[in-house]
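Encoded as structure tokens, the structure appears first; notes follow it.
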Amino acid sequence: MSEQFEPFYDVNRTYEDNYEQGPFGLFAEALKGEPGAEEGAAAAEPAQPAESFLGVPVNLAFGIPAGPLLNSRFTTAAFRMGFDLATYKTVRSRAWGCNPFPNVLAVHPKSADGSLTPGSDELDEGVLADTNYELPISISNSFGVPSQDPDRWQPDMFRAIEAAGPGQLLVPSFQGSRVEGMSEEDYIADHATTARLVKETGAKVMVMNTSCPNEGHNRLLCHNPQLVGRITEAVKNEIGDTPLMVKLAYFPDDSSLELMIRSTVERGTVQGFSTINTISAKLVDAEGRQALPGAGRDRSGVCGNAIRGAGLDMVRRLAALREKLGLDFAINGVGGVITPDDYRAYKSAGADSVMSATGAMWDAELAREIKAE
């Protein structure tokens, strides 16, 4: 792997090693100096925040979504590298283990532009995955939403919030946990409990993850809009007027997407949507065998360049429904943002804010490149 392919999350190390030893690359260098000491950092920021995220002023509504920023060291490095929105990796009400290593592989769709199409046969027949990382980058995301115990992540999240510079915002992500024997009411209550724990850290906004494919194929919470509506009502009872955004997967039809909006925004429980998460695909090696080892891991969420088309499609459709229904909610565009052009494409599609996970992992300068243009 060449020097330019040194991601701040080291794909050759376990999740646990990354959590304890990371971040790496330029993110590690950013942590060595004092805040604001990076060359050109101060000059790159406007005197006053020019944009906003869920009503909170920020310099540029661009950052990193839930996933690669594992703890306060990662989020602090992101702020110092110019990412004004840093999302703390999704937390739970209890400690939750990570899927076995490896979790990340390079993914190579068959299409000429490297894209994956939701609902296509390729997703079930198999997509090549290996360790040949090359730009434009697409990767597997097979972690299973691990979480530290609240006794550990709460004080660390507080430190992450405090590390934000002027015009920057820490965005905590959370979700409920399905446990064997748990009733639907218990599941709803677990979301509310986790949201309360996040609120206790001083969070100004928060994002609820309803779209992790590792919860089981075709069992995505976001594909049950009525249940999401009930959950967000319970969450809102805990967090009050703190703005809440919901992370969505791809929706194949507008009727379900409209039902999601009516079940949440229309009832005043949700102030925005972040989309998309990943696209679930069967991953195979060059011989057609399961690429990720272990039972139940024949499929994985794919992120990066491969899902940009699907992400842009969801943003356009959400923007159209926002206008059609006459409702006011924010749209955060995520998926395949590798270059400044991709950022602009999401803004043109109707996104109020934009985030990059995979692209930012491989290009720590991405926020500065966007601001320079």
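The values are calculated or read from the model by the stated rules, or taken from the named source; none is laboratory data. Quick caveat, the model's predicted, so the values are computed rather than measured. Heads up, the Cβs are rebuilt from the backbone with ideal geometry, glycines too, and the neighbour counts pull from every protein chain shown. All accessible areas refer to the heavy atoms of the entire protein, side chains included, with ligands and DNA or RNA removed. Shrake-Rupley method; radii C 1.70, N 1.55, O 1.52, S 1.80 Å.
The figures follow:
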item: Residues located in region 183-198, provided they are within 16 Å of Val145 (Cβ to Cβ) and hydrophobic (A, V, I, L, M, F, W, C); result: Ala195, Leu197, Val198
item: Failed item in (1) open to solvent by 10 Å² or more (accessible area, probe 1.4 Å); (2) touching a Leu at 6+ places or on another chain (Cβ under 8 Å), with Gly294 passing the rest; result: (2)
item: Count - residues of region 340-350 that are in contact (Cβ under 8 Å) with a residue 24 or more places away in the chain and either under 15 Å from the mean Cα position of the chain (by Cα) or farther than 25 Å from Leu123 by Cβ (or both); result: 3
item: Test result for Phe27, within 17 Å of Leu170 (Cα to Cα), in a helix (DSSP H, G or I), in contact with a Gly (Cβ under 6 Å, 6 or more places away or on another chain) and modelled with pLDDT of 95 or more; result: no
item: Condition met for Thr269 (in contact (Cβ under 8 Å) with a residue 24 or more places away in the chain and in contact with a Phe, Trp or Tyr (Cβ under 9 Å, 6 or more places away or on another chain)); result: no
item: Yes/no for Ala319 being modelled with pLDDT under 95 and surrounded by fewer than 18 Cβ atoms within 10 Å (Cβ to Cβ); result: no
item: All positions within region 332-341 that are closer than 18 Å to Ile279 by Cβ and open to solvent by 20 Å² or more (accessible area, probe 1.4 Å); result: Ile338
item: Sole exception among (1) without any contact (Cβ under 8 Å) to a residue 40 or more places away in the chain; (2) touching an Asp or Glu at 6+ places or on another chain (Cβ under 6 Å) for Met206, by number; result: (2)
item: Residue pairs meeting the criteria (Cβ under 9 Å; at least 6 apart or on separate chains; first under 15 Å from Lys199 (Cβ atoms) and among the polar types (S, T, N, Q), in region 145-156; second open to solvent by 40 Å² or more (accessible area, probe 1.4 Å) and not in a helix (DSSP H, G or I)); result: Gln154/Glu200
item: Total residues in region 63-73, condition within 17 Å of Cys303 (Cβ to Cβ) and in contact (Cβ under 8 Å) with a residue 40 or more places away in the chain; result: 7
item: Selection within region 1-24 - open to solvent by less than 50 Å² (accessible area, probe 1.4 Å), modelled with pLDDT of 85 or more and assigned to a helix (DSSP H, G or I); result: Tyr15, Asn18, Tyr19
